[in-house]
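This report refers to the structure that appears directly beneath it.
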Amino acid sequence: MFRKLSIWEYLDKLASDKPVPGGGSTSALVASLSAALGVMVARIVSKRAKNSAALRKIKLYELRLGQLQKKFEKTIDTDPAVYASLMRTYKVTRRLKNRGQAKKKIDVALEKSFRVQWELAREISEARKIIEGIGRLATGSIANDLRVSLALLRGAWLGAFHTAKINVDYIHRPALKKALMKKLQTTPKA
């Protein structure tokens, strides 16, 4: 739904008074931009490769970064869908008399929302390693595009991290909250 929009349409929706797209979707968009920029550099570097070993390595980087770019693009839409599901869960559970059951349903929805952004943060960390690998093969002014790519990734990672964390903050069950926070805190940084 959102990834089919032009960048200008996306920005208009982002600036609206609606909660989606929000930080999670935007973190995925920024990660997508970063990965696309890294793929571009990999393609340029592959044309300049001095030997077959370097060419194979850069082609592997290009392939995996392209796969991550597609995952990031999918998350542009997945995050708002999961958020909508979470909001529906809050609405439905207001009518439940059993508050324990209501909290459990909310925790399930919060955990699902957490996982979308936690996975995004983990994949962004992987993309960073790949872009750094491309950087070891890039020469000249094209390497500057990788600096931009890495800066975008840092911002996207922080967005994914904090969006995942806000879900954990609202979880009711202490054991689940502790387990998810541990996962989040051990996520490699970008």
Filter the stretch 17-28 for residues that are surrounded by fewer than 23 Cβ atoms within 10 Å (Cβ to Cβ) and over 16 Å from Phe161 (Cβ atoms); the one that is nearest to the chain's Cα centre (by Cα) is Val20
Filtering the stretch 141-190 for residues that are under 23 Å from Ala127 (Cβ atoms), among the hydrophobic types (A, V, I, L, M, F, W, C), at pLDDT 95 or above and surrounded by fewer than 18 Cβ atoms within 10 Å (Cβ to Cβ) leaves a count of 4
A careful count of residues in the stretch 1-29 that are in contact with a Lys or Arg (Cβ under 9 Å, 6 or more places away or on another chain), modelled with pLDDT of 95 or more and part of a loop (DSSP other than H, G, I, E, B) gives 0
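For (1) surrounded by 13 or more Cβ atoms within 10 Å (Cβ to Cβ); (2) in contact with an Asp or Glu (Cβ under 8 Å, 6 or more places away or on another chain); (3) in a helix (DSSP H, G or I), each residue gets a yes or a no:
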residue: Glu62; (1), (2), (3): yes, no, yes
residue: Leu68; (1), (2), (3): yes, yes, yes
residue: Phe72; (1), (2), (3): yes, yes, yes
residue: Thr78; (1), (2), (3): yes, no, yes
residue: Tyr83; (1), (2), (3): yes, no, yes
residue: Leu86; (1), (2), (3): yes, no, yes
residue: Thr89; (1), (2), (3): yes, no, yes
residue: Gly100; (1), (2), (3): no, no, yes
When every residue in the stretch 145-186 that is of a type in the set (Ser, Thr, Tyr) and within 19 Å of Thr26 (Cβ to Cβ) is compared, the one farthest from the chain's Cα centre (by Cα) is Ser149
Screening Ala36, Ala31 for residues that are farther than 16 Å from Ala84 by Cβ and in contact with a Phe, Trp or Tyr (Cβ under 7 Å, 6 or more places away or on another chain) leaves only Ala31
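Yes or no: Ile130 more than 16 Å from the chain's Cα centre (by Cα), part of a helix (DSSP H, G or I), hydrophobic (A, V, I, L, M, F, W, C) and surrounded by 18 or more Cβ atoms within 10 Å (Cβ to Cβ)?
Values: more than 16 Å from the chain's Cα centre (by Cα): no; part of a helix (DSSP H, G or I): yes; hydrophobic (A, V, I, L, M, F, W, C): yes; surrounded by 18 or more Cβ atoms within 10 Å (Cβ to Cβ): yes.
It is false that Ile130 is more than 16 Å from the chain's Cα centre (by Cα), part of a helix (DSSP H, G or I), hydrophobic (A, V, I, L, M, F, W, C) and surrounded by 18 or more Cβ atoms within 10 Å (Cβ to Cβ).
Would a scan of the stretch 15-24 turn up a residue that is touching a residue at least 40 places away in the same chain (Cβ under 8 Å) and hydrophobic (A, V, I, L, M, F, W, C)?
Of all residues in the stretch 15-24, those touching a residue at least 40 places away in the same chain (Cβ under 8 Å) come to 19-24.
Now drop any that are not hydrophobic (A, V, I, L, M, F, W, C), which leaves 20.
Yes: the stretch 15-24 contains one or more residues that are touching a residue at least 40 places away in the same chain (Cβ under 8 Å) and hydrophobic (A, V, I, L, M, F, W, C).
The values are calculated or read from the model by the stated rules, or taken from the named source; none is laboratory data. Keep in mind that this is a model prediction, so the values were computed, not measured. Because the Cβ atoms are built from the backbone with ideal geometry, glycine has one as well, and the counts that use them run over all protein chains shown.
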